[in-house]
Amino acid sequence: MVKKILAMFFMLCFCSFGLNARAVDYEQRIRELFEIQNESQDKAHRFSNDRLKFLRAWVLGKKGSTNKLWEKELKLSEIAHQDDITARLEFLENYWAHDFFRAFDRVEGAANYLKSSSGVNYIVRLSTTFPGYVTISRKIGKKILHARIRLDASGNFITDGDDCYSFDQLLSQYCCSNCAPYVIK
């Protein structure tokens, strides 16, 4: 019942701007993420209404729309451009089931996971403060570094230095064991 109410609210918000067909598609694609299975045929990420709400804000929000993605529904004026939304959904659909992708971890959870997991040197998670950004949390010795990187409308990742990488290039550059550690803000 709650799922239906949230979906109806979501569609009603978009209907007033004539975006009904796209809104339905976005909503369906976001919900379908929770059905994706990992290699062991388990769902890659468990569903909850809080996670769905967060994921909507991460996928649909434009930068500056909110810094509390876990706490707030977006206003219509805070919806990102269609190209940004499409790139975000494609990224999620491509990497959702990977072991290194821990979409809903926050800073403390990421640090605890990395400290307690031998053989795991990095994870990728969704930024909890900026829609459309990912955070790479990396273990270097006993330190945990977090780097926030922007996903642009073309599906590339842009660092603060305006370097542009595909996701695979970014992981290779940032997470390889031979690379010097650096932090992207």
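The values are calculated or read from the model by the stated rules, or taken from the named source; none is laboratory data. Because the structure is predicted, anything quoted here is derived from the model rather than measured. Cβ sites come from the backbone with ideal geometry, for glycine too, and all protein chains shown count toward neighbours. SASA here: full protein model, heavy atoms, side chains in, ligands and nucleic acids out. Shrake-Rupley method; radii C 1.70, N 1.55, O 1.52, S 1.80 Å.
Within segment 106-122, one or more residues are open to solvent by 10 Å² or more (accessible area, probe 1.4 Å), within 12 Å of the chain's Cα centre (by Cα) and under 25 Å from residue 38 (Cα atoms).
Of all residues in segment 79-94, those satisfying the criterion of being under 21 Å from residue 38 (Cα atoms) and surrounded by 17 or more Cβ atoms within 10 Å (Cβ to Cβ) are 88, 89, 91, 92.
Of all residues in segment 101-120, those satisfying the criterion of being closer than 22 Å to residue 30 by Cβ and in contact with a helix residue (DSSP H, G or I) (Cβ under 8 Å, 6 or more places away or on another chain) are 101, 102, 103, 104, 105. I need every pair where a residue in segment 134-162 that is touching a residue at least 24 places away in the same chain (Cβ under 8 Å) has its Cβ under 6 Å from the Cβ of a residue that is outside any loop (DSSP other than H, G, I, E, B) and open to solvent by 70 Å² or more (accessible area, probe 1.4 Å), sequence separation at least 6 or different chains. That search, which allows pairs on different chains as well, returns 135/148; 153/83. When segment 127-138 is filtered for residues that are over 10 Å from the mean Cα position of the chain (by Cα) and at pLDDT 90 or above, the ones remaining, listed by number, are 136, 137, 138.
If you go through segment 142-163 and keep only what is farther than 14 Å from residue 90 by Cα and aliphatic (A, V, I, L, M), you end up with 144, 145, 147, 149, 158.
Identify, please: which residue in segment 129-141 is buried (at least 21 other Cβ atoms within 10 Å of the Cβ) and among the polar types (S, T, N, Q) and is, among those, nearest to residue 94 (Cα to Cα)? Selected residue: 135. Residues in segment 1-33 that are among the polar types (S, T, N, Q) and at pLDDT below 55: 16 only.
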